[in-house]
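Derivation of every value follows stated rules applied to the coordinates shown; laboratory data play no part. As the structure is a prediction and not an experimental result, all values here were calculated from the model. Methodologically, a virtual Cβ is constructed for each residue, glycine included, from the backbone with ideal geometry; neighbour enumeration extends over all protein chains shown.
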Amino acid sequence: MKAFFDKFTGLKSASFIGLENYSNKYGEVANISLVANIDVSNAKQKDLDTLKSLTENDLNDVAVSYSLPIDTINVALAELIASAEKNLSADKSERTNQSNAQADAYIHLTPAVRMHKETMDVFVAGFLNSKTVLIEGEYPSVNKREKTLCKDAIAKHCDLRMKKYRQYKVGQMSKINITGSTLIMG
């Protein structure tokens, strides 16, 4: 584990991290490429700027592309903007409950590694660069409300950066490739 922390502590800028044979709770096994050590605040600000720059034509394109009602898309956009503004607040008490819960649940060991305070599980976090599924998992079906579908459609249309932010539990992959070195896990 020392080699793991030494590698992540030594990262000085944005870096690609490869996770080989990562297995999730649904049985999916995948090779994953992350970009770690990126300022999350900058990504949140760029997403907010993108959302605020959407035009009526953009929203109509989303409505037509995803067969969703424009009125609900407008409500969804307003909520996405309000949430993004809250989560960029310097005052933690103004952020959304979800944002505060995430911040309170982890101890950040490096910009790319954090530990869950209750379970003591260690996670590697970053922005998804690519994912190659080796074994398909069995995912439960999810019924989303119309407004959630609209938010998802807007996020996809805008290619929002924060929608690509992921964390992966250390120990659920066979190898981690980082800065030219391969760490064998488990």
Which three extents, in whole angstrom, do the alpha-carbon atoms of the stretch 78-181 cover along their principal axes, largest first? 44, 35, 27
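List the trypsin sites (Lys or Arg not before Pro) in the stretch 1-95 that DSSP assigns to loop (not H, G, I, E or B) and whose Cβ has at most 13 other Cβ atoms within 10 Å. Which are they?
Numbers: sites: Lys2, Lys7, Lys12, Lys25, Lys44, Lys46, Lys52, Lys86, Lys92, Arg95; in loops: Lys12, Lys25, Arg95.
Those that pass, being in a loop and sparsely packed, are Lys12, Lys25.
Send over the Kirkwood Rh of the stretch 1-92, from the inverse of the averaged 1/r over different Cα pairs, rounded to one decimal Å.
Numbers: mean 1/r = 0.0592 Å⁻¹.
After inverting the mean inverse Cα-Cα distance, the result is 16.9 Å.
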Per residue of the stretch 111-122, what does 6.51 cos²θ - 1.76 cosθ + 1.60 with θ = phi - 60° give for ³J(HN,Hα)? Whole Hz please, x for Gly and Pro, Karplus curve as stated. x, 10, 10, 9, 10, 6, 5, 8, 8, 6, 5, 9
Within 10 Å, count the other beta carbons around each residue, average over each peptide in 65-73, 107-115, and list them highest first. 107-115, 65-73
Classify the chain as rounded, prolate or oblate, taking a ≥ b ≥ c as the square roots of the eigenvalues of its Cα gyration tensor: rounded when a/c is under 1.5, otherwise prolate if a/b is larger than b/c and oblate if not. prolate
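Once R0 is set to 30 Å, what does the formula 1/(1 + (r/R0)^6) return for the Cβ-Cβ distance between Asn100 and Asn143, expressed as a FRET efficiency to the nearest 0.05?
Values: r = 27 Å, r/R0 = 0.90.
Approximately 0.65, to the nearest 0.05.
Could you check how many percent of all C-alpha pairs in the stretch 43-107 are farther apart than 12 Å? Walk me through the numbers on the way to the answer.
Working: 1494 of 2080 pairs.
Roughly 72 percent, rounded to a whole number.
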Could you derive backbone 3J(HN,Hα) for the stretch 93-100 from the dihedral phi with the Karplus parameters 6.51, -1.76 and 1.60 (θ = phi - 60°), listing whole Hz in sequence and x where the residue is Gly or Pro? 5, 8, 6, 5, 4, 5, 4, 5
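List the GluC sites (Glu not before Pro) in the stretch 119-186 that DSSP assigns to loop (not H, G, I, E or B) and whose Cβ has at most 12 other Cβ atoms within 10 Å. Which are they? Numbers along the way, then the final one.
Numbers: sites: Glu136, Glu138, Glu146; in loops: Glu136, Glu138.
When the GluC sites (Glu not before Pro) of the stretch 119-186 are filtered for loop state and at most 12 Cβ neighbours within 10 Å, Glu136, Glu138 remain.
How much length would be gained if the chain were fully extended between Val75 and Asp61, taking 0.36 nm per residue of separation minus their Cα-Cα distance, in nm to one decimal? Spell out each step's value before the answer.
Working: separation 14, 0.36 × 14 = 5.04 nm, distance 1.57 nm.
This chain segment gains 3.5 nm when fully extended.
Quick one: of Lys2/Lys163; Lys86/Lys151; Lys52/Lys147; Lys46/Lys156; Lys92/Lys175, which pairs are farther than 26 Å apart, Cα to Cα?
Numbers: Lys2/Lys163 31 Å; Lys86/Lys151 17 Å; Lys52/Lys147 18 Å; Lys46/Lys156 15 Å; Lys92/Lys175 36 Å.
Over 26 Å Cα-Cα: Lys2/Lys163; Lys92/Lys175.
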The stretch 2-184, relative contact order in percent, only Cα pairs under 8 angstrom and at least six apart counted: 36 percent
What nm distance separates the two modelled labels at Ser33 and Tyr165, each placed 7 Å from Cα along Cα→Cβ? 2.3 nm
At 7 Å along the Cα-to-beta-carbon direction for both Asn21 and Asn177, put a label point, then send me their distance in nm to one decimal. 1.5 nm
With 10 angstrom as the radius, rank Cys158, Cys150 by how many other C-beta atoms surround their C-beta, starting from the fewest. Cys158, Cys150
For the stretch 137-150, just list the computed ³J(HN,Hα) in residue order, Karplus coefficients 6.51, -1.76 and 1.60, θ = phi - 60°, integers in Hz, with x standing in for Gly and Pro. x, 10, 9, x, 6, 10, 9, 9, 6, 4, 5, 5, 4, 5
Under 18 Å from the 7 Å Cα→Cβ point of Ser53, by amide nitrogen: which residues of the stretch 27-41? 41
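Mind giving me the FRET efficiency for Ala82 and Lys131? R0 is 35 Å, r the Cβ-Cβ distance, nearest 0.05 is fine. Working shown, then result.
Values: r = 30 Å, r/R0 = 0.87.
Working from the Cβ atoms, E equals 0.70.
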